1. Quick check, is A:Y179 outside any loop (DSSP other than H, G, I, E, B) and modelled with pLDDT of 95 or more?
2. Among helices (runs of 4 or more DSSP H) lying entirely in segment A:1-62, which contain 2 or more residues that are within 14 Å of another protein chain (Cβ to nearest Cβ) and either at pLDDT below 95 or open to solvent by less than 80 Å² (accessible area, probe 1.4 Å) (or both)?
3. Which one of these is under 27 Å from B:L176 (Cβ atoms) and of a type outside the set (S, T, Y): A:I167, A:I229?
4. Output the qualifying pairs, or none if there are none: Cβ atoms under 6 angstrom, residues six or more apart or on different chains, first residue in segment A:157-183 and closer than 18 Å to A:N210 by Cα, second residue open to solvent by less than 30 Å² (accessible area, probe 1.4 Å) and among the hydroxyl-bearing types (S, T, Y).
5. (1) facing chain B (nearest Cβ under 7 Å); (2) among the charged types (D, E, K, R); (3) under 29 Å from the mean Cα position of the chain (by Cα): which one isn't true of A:E262, the others all being true?
6. Restricting to segment A:114-157, what's the tally of residues that are open to solvent by less than 20 Å² (accessible area, probe 1.4 Å) and more than 14 Å from chain B (Cβ to nearest Cβ)?
7. Within segment A:204-246, count every residue that is more than 8 Å from chain B (Cβ to nearest Cβ) and aromatic (F, W, Y).
8. Filter the helices (runs of 4 or more DSSP H) completely within segment B:130-181 down to those with at least 1 residues that are within 11 Å of another protein chain (Cβ to nearest Cβ) and buried (at least 17 other Cβ atoms within 10 Å of the Cβ).
Amino acid sequence: MKLYSNIISFLFFVIMSSTCFSQNTSYCPEQMLLIQKYKSKNYLNASQYIDTVLIQCPDKSSDAYFLHLCGFINFNIYREIDGKSSSSSARPAACDYFIKSVNYDNKNQFTEKNLQALNSFSISYINDALMIMQKMEFKKQSKALDYYNTFKKLKSIAEPNYDFSNISIDFFNGMGRMYKMRYENDKINSKNLLDSSINYFNKSLALNPNQYTPNYDLGILYHNLGVDIILEELDIDADLEMVILMQEQAVDYFSKSLPYLEKVYQMKPEETSIVQGIAAVYYSLNDMEKHVEYMNILKGLESKNSGDN
Amino acid sequence: MYNPFKIFILLFLTFFISVNCLHAQQSPSSAAKALKVKMKSMFIYQFAKNVYWPKAYTTGDFTIGIYGSKDLYNLLNTSFKDKMNGSQKIKFAFYESASDISDCHLLFVSGEEKESMATVQKGLNDKTLLVTEGEDLATTGSMINFVYVQNRLKFQINKSKAEKKDFTIGQTLTKLAYSTI
């Protein structure tokens, strides 16, 4: 990460030295003061002075150079003062300024540098989103989604032809997994989280249907739902109508589980946990012919594995 | 060129693999078996509640006998022992062989014991409602029979046979039965 910081620092100084002093804009002494504060690295003071410039020189609100400068003031607050904290308010502020600067930069004087800055911010946003998922910070899950959306927005501006498939797949799988774990920690009170988990896994599979992880997760998830609805949710002395109704739901879940597990079985035919899972689903569906078929496969794999060891 | 994405993608892969290993340690088969046992136990309890015995058998304890499925007996005994069926306290008995079967209100014979059905039937008196599991009610000679139809546990009722012994099958059972003869 230090190498990354050094590269950003270098880029920043190249950008600023090439743009700060080469502008022909309307005379605004407050802006000159702002540049002075900035040059002396008094970023917070410079940031507070932005409003003064805008009050004294209202035309600066549509000045590509001024907005570019404001972007870098906030960029440095985010980096130097806030320590690249994900909660830094300077980061979204910097992005807003850079985007506005791009929009007003009719002569394309600052656009390239603005886009470079936006690109590095987009990376910081997706890294923050992935970090939340990697640390399993459940309470920040909605922030992860915000960061992902901001990443997409910024990256689309910085690189209009960027292919989001791979990073989106990682993000959707991570979100699906987080919702699944939250649900499994408190099944009774967090049923709504289950739909979110399934939705994210399906979004991931829509981008690439041949992935092992979300297919496996959905297969196991649906199987466990079928089991849970009978073993956990159905009161032991429930009346017959309820028993029959819950059985219908369980069969529905087991039936949904099968295509996912059979798909991952095609991918990893020697993975015993998958074969065991499929055998269990067929057992739950009382398809004993298929259950025995997969139990025999499982026995074969287990004896092969013990022979290998 | 340095790519900050790579670190996180690597962390992600490690994370996914480790979580998948946790799944591999579970045994879904035991849960699937427990599910079937629970379903049967609930049906049997409801059969006891929704069939009406001749008046001569409505005093003392209400005994449910299980022949051939210890898991089912254990669950029933844990869940319903000493609950009331009308004015009778429910008790459970487990029989290891057909010759052990004694006086009970309801007898469930597991599908694994279908070979000894003839012996079982010989020893039954008019008090006992016979519940079986098999491919067809006609072949088991019972009054209620479990069948699997399209992946679902259902039951058939031999109403005429039950009525011959003065059992009254409740409307709920009749309505929810897969078939009635």
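1. For A:Y179, the condition - outside any loop (DSSP other than H, G, I, E, B) and modelled with pLDDT of 95 or more - is not met.
2. Here the list reads A:2-19.
3. Testing whether each residue is under 27 Å from B:L176 (Cβ atoms) and of a type outside the set (S, T, Y) leaves just A:I229.
4. Cβ pairs passing all conditions: A:I169/A:S204; A:F171/A:Y148; A:F172/A:Y200; A:F172/A:S204; A:N173/A:S204; A:N173/A:T213; A:G176/A:S197; A:G176/A:Y200.
5. (1)
6. 5
7. Looking only at that region, the number is 2.
8. Because the criterion is at least 1 residues that are within 11 Å of another protein chain (Cβ to nearest Cβ) and buried (at least 17 other Cβ atoms within 10 Å of the Cβ), the helices (runs of 4 or more DSSP H) in segment B:130-181 that meet it are B:171-176.
The values are calculated or read from the model by the stated rules, or taken from the named source; none is laboratory data. Since we're looking at a predicted model, the values are computed, not measured. Because the Cβ atoms are built from the backbone with ideal geometry, glycine has one as well, and the counts that use them run over all protein chains shown. These accessible areas exclude ligands, DNA and RNA; they are computed on the full protein's heavy atoms, side chains included. Shrake-Rupley method; radii C 1.70, N 1.55, O 1.52, S 1.80 Å.
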